[in-house]
Structure formats: C-alpha cells, structure tokens
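In what follows, a single structure is set out as structure tokens and then discussed.
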Amino acid sequence: MARDTSPQCKQCRREAEKLFLKGERCLTDKCAVERRAYPPGEHGRGRIKQSEYLLQLREKQKARRYYQVLEKQFHHYYEVASRKQGITGENLLVLLEMRLDNVVYRLGFGASRRQARQLVRHSHFMVNGKKVDIPSYQMRPDDVVSVRANSKAVETVRAATDLTSSVAPWLLVDHDNLTGKILRAPTRDEIDTPVQEQLIVELYSK
C-alpha cells in the first residue's frame, strides 16, 4: 500500500496551517505550527516570491495532505470530478469526503485520518455488515459503518470518540454501539476543508 511517510508536522508547517494530521497532539501547545510558524528547511524563514502558480500548487498540496492522498490518486479524483455534473471543485471535495477512511475519521472513530486509514487497512471496520479493508472505498448514502465484532481496536476507537465534540450533519453516529450511517452526500458548506478548491481546478486545467 503506497502512503506518504514524510514527517506530518513538517507537512502542516509547509502549508502554514494546521491540517490535524496527528490527532490530539494538534490540539496542544506541542503542535509544530504553534511552536514554529514558518516553513521547514534551511530557507524556511526567507522571503518567498508569491505567484499565481505557487498559490494554486500550495492549495493542491494542502488538500492532498489533508486527506492523506498521493499525487496520482488525487489527480484521478480530479478527473472523475471533472466528468460529473456540477462544479468540479465541489465534486472533488465530495469524492474525498466520501472515502471510507475519511468517513471513519468524521464519525470520530479515529483520532486522525492516518489512524483511521490504519484501522480500516487492518480490517477493524465493516460496511453494511461486510468487512472492508480499502481506505479509498467510496461510501454511498444509507451505507452503515460499524466496528467489526471482537475487534481488538475497540478501546482505541472509544478513546478517539472522546476527542469528538460534534459530527458533520450528513452523518449519523452512535458512539455507544460504535456504528455510523451516511445520511447523504455532503454539501460544500458542510465541508470544513481549509482549501480553495477553485485554485486546484485552475492548476489542473492548465
């Protein structure tokens, strides 16, 4: 399974914004963005010449890192989104939001998307009563997510739910029984991803 193994805190610092890649640590004063609010590297504190291309690239990289998706897969999502009816940028975000690993995270069953991805890969979750171990599995309205019976990750999942203050309105969750349901696809105003998706569309349209 291909995945990004670069330091997570450096990814947040590169984008100059919290991407909440390390769960609870991102909420404390140990967060790297709080301690060193400048890009990593030898020239991190130097002046960077802003350009239209750089702004577009940074938005794409931010979205890719936010959802923990590699470049080839992210570009595939863009191509699928561009073929669907509606606004391409919004379609792209909806596709990313409906990934199983993201849904697990949004339901509060994972402290971070990376943890949610690992739990899915290790077969701790079921979709509509069937084991699914593919993080990129596309969820649909009325799909039900549940923790697999006798899973050894129950305590880990319950610990993650303690960090969850609210759940997106397009989801329904029962933290006591560790189950969740997709009510419908999210709308753009219900997606709190800190990106300007139009810049991503402009980048790929060149």
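Read the figures in this text as sums done on the coordinates, not as results from a lab. Fair warning: this is a prediction, and the values are worked out from it, not measured in the lab. All Cβ positions, glycine included, derive from the backbone under ideal geometry; neighbour counts span all protein chains shown.
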Do we have any residue at all in the stretch 96-118 that's within 14 Å of Y77 (Cα to Cα), among the charged types (D, E, K, R), outside any loop (DSSP other than H, G, I, E, B) and touching a Ser or Thr at 6+ places or on another chain (Cβ under 9 Å)? yes
Mind listing whichever residues of the stretch 95-134 are in contact with a Gly (Cβ under 9 Å, 6 or more places away or on another chain), over 19 Å from A168 (Cα atoms) and aliphatic (A, V, I, L, M)? L119, V120
Tally up the residues in the stretch 149-180 that are of a type outside the set (V, I, T) and surrounded by fewer than 17 Cβ atoms within 10 Å (Cβ to Cβ), please. 16
Under the condition of being surrounded by 13 or more Cβ atoms within 10 Å (Cβ to Cβ) and assigned to a loop (DSSP other than H, G, I, E, B), which residue from the stretch 184-203 is nearest to the chain's Cα centre (by Cα)? T193
Go through S136, S165 for me and flag whichever is among the polar types (S, T, N, Q), closer than 23 Å to A185 by Cα, touching a residue at least 60 places away in the same chain (Cβ under 8 Å) and part of a loop (DSSP other than H, G, I, E, B). S136
